[in-house]
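Asker: After the structure tokens below, expect a handful of questions from me.
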Ligand SMILES: Cc1cc2nc3c(=O)[nH]c(=O)nc-3n(C[C@H](O)[C@H](O)[C@H](O)COP(=O)(O)OP(=O)(O)OC[C@H]3O[C@@H](n4cnc5c(N)ncnc54)[C@H](O)[C@@H]3O)c2cc1C
């Protein structure tokens with residue numbers, strides 16, 4: 001339910017900008033701690049959003065928010081693992097299954113983001129957050145006493161709202177990143193994603209039904225995310241140069257890339273596309289700084305690199321939890337300076353590198369040689385699973401650090417073998 005415009009107050013403890021997973025999580029936790037919180041979301045929910053495959057480490061966050069039962073009841077498809085197919089160099093298929101450990105269970109979910117995000121936002125409302133949908137935030141300003149924003153209502157009127165703290169969860173808009181800090185694209189990572197939903201695809205029966213499928217193809221990679229009720233999400237990630245060279249319409253480019261995978265071609269034979277073809281580009285950027293006097297940026301508003309390992313929603317919700325803890329502490333101490341929020345920024349900086357290191361490696365042929373034939377390096381592979389499930393964001397035990405280093409050393413060795421035998425070694429990270 002949307003809070004009626006009439007009841008909008010001029011002053012809150014915390015204003016959260018954006019009602020995606022990051023904003024809804026932060027707002028819920030802050031309200032659960034007794035703070036007076038308003039969340040402004042510019043879109044009308046439920047709304048389409050990319051990012052449907054979750055990581056197991058997100059499930060304990062549902063528990064801590066108190067919405068896990070509602071998520072279960074929504075009937076999202078259970079995701080027990082992932083399967084990688086090499087449709088380019090012919091290295092075959094590799095399937096990994098998540099493993100239960102002290103951090104998370106052995107599965108996640110694949111979710112349609114429209115109902116998933118709506119459910120999280122409704123949960124925020126039940127926790128006492130004043131949620132305003134179709135309310136757009138502009139002109140954030142930080143003063144010594146307050147953070148101030150202009151809120152545009154659906155009726156077109158504008159109201160000034162102030163808060164002790166501003167949480168920027170505006171996703172790729174990175175509202176504060178643009179206004180107070182800097183939103184910088186990551187050099188040379190100009191990738192483009194093209195995606196749509198289909199009904200009636202024929203899934204590979206040899207892998208668990210809910211597994212995300214990643215197909216490596218000549219021009220990039222394709223995701224195939226099985227959803228509930230016979231729906232599937234399919235998208236490809238290409239470098240911007242490929243898109244420029246090919247030209248033509250987006251729909252035609254999408255079809256031609258999918259046609260380079262025999263399994264996608266077979267899977268789509270009887271299927272019907274049920275959404276328009278969506279695109280998004282230049283989605284790799286950093287926002288600096290992520291904290292300042294009276295503000296914190298969380299989720300995509302703090303940065304995003306690459307969708308390959310489905311880490312976005314987990315990082316959005318985990319960063320929201322860490323930021324909420326820092327804000328609660330700031331209210332206890334009545335200290336809203338950037339320094340008070342630094343522990344949050346430090347946790348974010350510590351959690352992200354394992355993902356980044358694996359994302360970079362994913363685009364190297366030597367990594368794929370090992371990853372697509374994991375048996376010889378099974379004990380090292382545990383470290384990779386620890387990252388892929390999200391566990392490494394918070395916990396990087398000694399065994400993990402050693403094995404990840406050994407795995408990377410094995411990649412370098414494999415790279416040397418490729419080089420001496422004349423096989424391609426160039427990374428596809430930047431191309
Ligand atoms: C191609 C691609 C594929 C991806 N696949 C996956 C995947 O499989 N799994 C995964 O976990 N992640 C994936 N991601 C990442 C995922 O989509 C994001 O990381 C995640 O949605 C971040 O959540 P968020 O809450 O930070 O931002 P968002 O979900 O983007 O929410 C931000 C909200 O802020 C609102 N907003 C923006 N500006 C304003 C404003 N001025 N005023 C009010 N409201 C505003 C927006 O309307 C939006 O609802 C993918 C990303 C890309 C680019």
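Every number here is computed from the coordinates shown, using simple stated rules; none is lab data. These numbers come from a predicted model, not from an experiment. Note: ideal-geometry Cβ built from the backbone for every residue, glycine included; neighbour counts use all protein chains shown.
Asker: Seen from all sides and averaged, what is the projected area of the convex hull of the Cα atoms in the range 243-287, in nm²?
Answerer: With every direction weighted equally, the projected area is 4.7 nm².
Asker: Please compute, over every Cα-Cα pair in the range 78-126, the percentage with a separation greater than 16 angstrom.
Answerer: Working: 739 of 1176 pairs.
Distances greater than 16 Å cover 63 percent of the Cα pairs.
Asker: Can you compute the radius of gyration and Dmax for the chain, using only the Cα atoms, both in Å?
Answerer: So, for the chain, Rg and Dmax equal 21.8, 72 Å respectively.
Asker: How long are the three semi-axes of the equivalent ellipsoid for the range 130-268, computed from the Cα gyration tensor as the root of 5 times each eigenvalue, in whole Å, largest first? Intermediate results must be reported in sequence, preceding the final value.
Answerer: Values: eigenvalues 335, 80, 40 Å².
In descending order, the three semi-axes are 41, 20, 14 Å.
Asker: Do the sum for the chain: with -39,500 (n - 2.57) for every DSSP H run of n ≥ 4, divided by all residues, what is the mean residue ellipticity at 222 nm, to the nearest 500 deg cm²/dmol? It would help to have the intermediate numbers written out before the result.
Answerer: Details: 14 runs with 154 residues, N = 431.
Calculated from helices alone, the mean residue ellipticity at 222 nm is -11000 deg cm²/dmol.
Asker: For the Cα atoms of the chain, what angle does the longest principal axis make with the long axis of helix 21-32, in degrees from 0 to 90, nearest 10?
Answerer: Taking the Cα atoms of the chain, the angle to 21-32 is about 40 degrees.
Asker: So, one more: Please report the antiparallel percentage of the DSSP beta bridges confined to the chain, to the nearest 5.
Answerer: On the way: 56 of 78 bridges.
Percent antiparallel among DSSP bridges in the chain is about 70.
Asker: Give the peptides 327-336, 160-169, 209-218 in descending order of average Cβ contacts within 10 Å, highest first. Don't skip to the answer; put the middle values down first.
Answerer: Working: 327-336: 15.2, 160-169: 24.5, 209-218: 20.3.
So the peptides 327-336, 160-169, 209-218, ranked by packing, come out 160-169, 209-218, 327-336.
Asker: Computed on alpha carbon atoms, what radius of gyration and Dmax characterise the range 191-281, expressed in Å?
Answerer: For the range 191-281, the Cα-based Rg and Dmax read 12.6, 37 Å.
Asker: Something else: With contacts defined as alpha carbon pairs under 8 Å and 6 or more residues apart, what's the relative contact order of the chain in percent?
Answerer: 19
Asker: Quickly rank 140-146, 55-61, 226-232 as a protection proxy: mean count of other C-beta atoms within 10 Å, highest first. List each step's numbers first, then the result.
Answerer: Details: 140-146: 14.1, 55-61: 23.1, 226-232: 17.6.
The peptides rank, most packed first, as 55-61, 226-232, 140-146.
Asker: Which angle between 0 and 90 degrees, to the nearest 10, do you get for helix 113-126 versus the longest principal axis of the chain when only C-alpha atoms count?
Answerer: 30
Asker: Moving on to the next point. Enter the Cα centre distance for the pair the range 6-63 and the range 167-224, rounded to the nearest angstrom.
Answerer: The range 6-63 and the range 167-224 have Cα centres spaced 21 Å from each other.
Asker: Using only the Cα atoms of the range 15-166, what do you get for the radius of gyration and for Dmax, in Å?
Answerer: Spelled out, the Cα radius of gyration and Dmax of the range 15-166 are 19.0, 61 Å.
Asker: Give the separation of the Cα centroids, the range 339-376 to the range 68-128, in Å.
Answerer: Each part's Cα centre sits 19 Å from the other's.
Asker: Helix 338-351 against the longest principal axis of the chain: what's the angle in degrees, Cα atoms only, rounded to the nearest 10?
Answerer: Taking the Cα atoms of the chain, the angle to 338-351 is about 20 degrees.
Asker: Shifting gears a bit: To check my understanding: the extent here is largest minus smallest coordinate of the Cα atoms along each principal axis. What are those three numbers for the range 28-82, in Å, largest first?
Answerer: Principal-axis extents of the range 28-82 (Cα, largest first): 40, 26, 19 Å.
Asker: Eigenvalues of the Cα gyration tensor times 5, then square-rooted: what semi-axes does that give for the range 353-420, in whole angstrom, largest first?
Answerer: Numbers: eigenvalues 83, 29, 21 Å².
Listed largest to smallest, the semi-axes of the range 353-420 are 20, 12, 10 Å.
Asker: For the range 151-230, what ratio Rg/Rh do Cα atoms give with a Kirkwood hydrodynamic radius?
Answerer: Values: Rg = 20.6 Å, Rh = 17.9 Å.
Result for the range 151-230 is an Rg/Rh of 1.15.
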